[in-house]
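Here's the structure, in structure tokens; my notes come after.
Read-outs throughout are calculated quantities, based only on the coordinates presented, and are distinct from any laboratory measurement. What you are looking at is a predicted structure, and each value in this text was computed from that prediction instead of being measured. Using ideal geometry, Cβ is built from the backbone for each residue, glycine included, and neighbour counts are taken over all protein chains shown.
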Amino acid sequence: MALPQPADGAGPRPAPGEADPARVDPAVLGALLDRYGWRRRGDGAGRCARWAPPGPVAGGASLLVPHSRS
């Protein structure tokens with residue numbers, strides 16, 4: 001299902017209840033992940049941080065979060 005296009009031509013908008021990725025602050029997302037038990041993996045060098053969910057995870061699932069919006 002295609003998302004509706006805004007009149008300004010900026011691209012598709014998120015569905016109701018979904019966050020707009022362009023407006024998510026990576027520092028806030030990292031703080032929320034930490035608060036809910038996710039653990040940052042790696043040394044922090046580079047453009048992204050790798051976060052692993054709490055508890056045992058099958059298949060080594062993780063989430064990449066950029067260090068900044070740029």
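With the simple model of a label 7 Å out from the Cα in the direction of the Cβ, residue 48 to residue 28 spans 2.2 nm.
A DSSP coil position with no more than 13 other Cβ atoms inside 10 Å describes the following trypsin sites (Lys or Arg not before Pro) in segment 33-70: 47, 69.
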